[in-house]
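Below is one structure, written out as structure tokens, with a few remarks after it.
The values are calculated or read from the model by the stated rules, or taken from the named source; none is laboratory data. Computed from a predicted model, the values in this text were never measured in an experiment. Cβ placement follows ideal geometry from the backbone for every residue including glycine, while neighbour counts extend to all protein chains displayed. The protein model used for the area step is the full one, side chains on, heavy atoms only, and it has no ligands, DNA or RNA in it. Shrake-Rupley method; radii C 1.70, N 1.55, O 1.52, S 1.80 Å.
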Amino acid sequence: QDEEFSLQLQETLQLQETLQSLQLQETLQLQETDVKKECIICTENVDIKSFLNITDQCSHDYNICRECIGEYIKHELEDNGNVKITCPEDGCNEILNQKDIKEFASEETFRRYAYSI
């Protein structure tokens, strides 16, 4: 009876080790699928989910991360006093509308923008 219990215990431990190994492999595979892309402004490798279409009118690739777009909007508004903010992508002159500003700017920056228009 003790021998049977010991065998069952060994099998259970082996199954637990196998399960932990499989979970570790799955975690590593998921980490590898986290796709990164270099932002052309900050040059950081950023999660691909941080790259969005800046305006509905833009037809270029997404090369600037969300954080940099927000900082660009803040700079244009606060430092340049500009409320007609154009897309920061080279060669794109599309103007960001209120929805675009709200999407990327901080709450404080958006409030300043809304007050200025």
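Computed values, structure above
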item: Solvent exposure of region 1-92 as accessible area per residue, Å², 1.4 Å probe; result: 77
item: Magnitude of the charge dipole, the chain, Cβ model with Lys/Arg +1 and Asp/Glu -1, debye to 20; result: 940
item: Carbon plus sulfur fraction of accessible area for the chain, probe 1.4 Å, in percent; result: 47
item: Accessible area (Å², 1.4 Å probe, nearest 10) - ASP34; result: 80
item: Structure-derived percent of Cα pairs over 21 Å apart - corresponding label in (1) 50; (2) 55; (3) 45; result: (2)
item: GNM top mover of GLN23, GLN98, GLN14 - the chain, alpha-carbon springs below 10 Å; result: GLN14
item: Peptide ranges 101-113, 45-57, 64-76 listed from the most packed, as the mean C-beta count within 10 angstrom indicates; result: 64-76, 101-113, 45-57
item: VAL35, VAL83, ranked by accessible area, largest first (probe 1.4 Å); result: VAL35, VAL83
item: Helix-only mean residue ellipticity at 222 nm for the chain, each DSSP H run of n ≥ 4 adding -39500 (n - 2.57), per residue, nearest 500; result: -17000 deg cm²/dmol
item: Prolate/oblate/rounded label for region 55-94 (Cα gyration tensor, a/c 1.5); result: oblate
item: Percent RCO, i.e. relative contact order, over the chain, from Cα pairs under 8 Å lying at least 6 residues apart; result: 17
